[in-house]
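Participant: The structure follows.
The values are calculated or read from the model by the stated rules, or taken from the named source; none is laboratory data. All figures in this text were calculated on a predicted structure; none of them were measured in a lab. Every residue, glycine among them, receives a Cβ derived from its backbone with ideal geometry; neighbour counts consider all protein chains shown.
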Amino acid sequence: MTRGHDTARPRVLYVEDDRTIADMTVAVLSEVYDVEHVGDGRDALRQALNERFDVFVIDRRLPGMSGTALVDAIRTAKITTPVLMLTALGAVVDRVDGLDAGANDYLVKPFDFDELLARLRALIRGHRAEGRRRAIAEWNFVPESSLVYGPFGERVALTTTETRMLTVLTESPDHVFSRDELMHTVFASDDALSSVDTYVHYIRRKTAPEVIETVRGRGYRAGAPS
């Protein structure tokens, strides 16, 4: 079922072959989203590869291609759009299979529509925040949440001043900031110039030395993405 696209609303690719469930779900989702409904796994893959969506809602059991295989194919194609998998299967192994294939979350049928909508909001919100990550060396910085994520799953919380410093550095990643520049953009006017070096040390200690690069005789810049 194809609906006219409304660019003001998030787009959902909903993949479900049970017509009764699909009709009810499309009616609910359409109050908030621009919904594209497909009943076959292979048809869904073609659309996922050729169109942009904000979230995928995929049933685990589908004709043409299983939901798990569909998710795996989407991830193999380097599509990072969040996936909510629907399943009537209660076994933990079935849920694990879906998550291992690349699904971000799952919901067991029969589900409450309010919970479905809440899960979709969370997935879209998280994906948009993910898109705002700034790569620094092997780490990723999310200014809005004051968090830095490491290459081995580390999750580091920064202070307000540390966040301001990394924000300034990553907004102009090729620019070498002198201590005076960082002093005037990050710190209060009565702070000592040595505060710049102190907070560079704090950030490096929490993350890794290469997150902030020292350019001898000139100052600091954000570490180049690996």
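Participant: Looking at 155, 221, 164, 204 in this structure, which one is under 25 Å from residue 125 (Cβ atoms) and in contact with a strand residue (DSSP E or B) (Cβ under 7 Å, 6 or more places away or on another chain)?
Facilitator: Unique residue meeting the criteria: 155.
Participant: Considering only the range 157-226, give the helices (runs of 4 or more DSSP H) lying wholly within it that have at least 1 residues that are at pLDDT below 95 and under 23 Å from residue 144 (Cβ atoms).
Facilitator: Helices (runs of 4 or more DSSP H) meeting the threshold: 160-171, 179-186.
Participant: Could I ask something else about it? Would you be able to say whether some residue in the range 67-75 is surrounded by fewer than 20 Cβ atoms within 10 Å (Cβ to Cβ), within 26 Å of residue 128 (Cβ to Cβ) and acidic (Asp, Glu)?
Facilitator: yes
Participant: When residues of the range 47-61 are filtered for being more than 20 Å from residue 123 (Cβ to Cβ) and either touching a strand residue (DSSP E or B) at 6+ places or on another chain (Cβ under 9 Å) or hydroxyl-bearing (Ser, Thr, Tyr) (or both), how many remain?
Facilitator: 1
Participant: Against the definition (polar (S, T, N, Q), in the same structural domain as residue 56 (by TED's automatic domain parsing) and closer than 29 Å to residue 221 by Cβ), how does residue 80 come out, yes or no?
Facilitator: Against the criterion (polar (S, T, N, Q), in the same structural domain as residue 56 (by TED's automatic domain parsing) and closer than 29 Å to residue 221 by Cβ), residue 80 qualifies.
Participant: Of the numbered conditions (1) modelled with pLDDT of 95 or more; (2) of a type in the set (D, E, K, R); (3) not assigned by TED's automatic domain parsing to the domain that holds residue 118, residue 6 fails exactly one; give the number of that condition.
Facilitator: (1)
Participant: Could you count how many residues in the range 112-132 are touching a strand residue (DSSP E or B) at 6+ places or on another chain (Cβ under 9 Å) and either assigned by TED's automatic domain parsing to the domain that holds residue 173 or exposed (fewer than 15 other Cβ atoms within 10 Å of the Cβ) (or both)?
Facilitator: 5
Participant: All but one of (1) more than 24 Å from residue 47 (Cα to Cα); (2) of a type in the set (A, V, I, L, M, F, W, C); (3) at pLDDT 90 or above hold for residue 92; which doesn't?
Facilitator: Residue 92 satisfies every listed condition except (3).
Participant: Restrict the check to the range 153-176 and report whether at least one residue is within 30 Å of residue 22 (Cα to Cα) and either touching a residue at least 40 places away in the same chain (Cβ under 8 Å) or of a type in the set (A, V, I, L, M) (or both).
Facilitator: No; the residues of the range 153-176 include none that is within 30 Å of residue 22 (Cα to Cα) and either touching a residue at least 40 places away in the same chain (Cβ under 8 Å) or of a type in the set (A, V, I, L, M) (or both).
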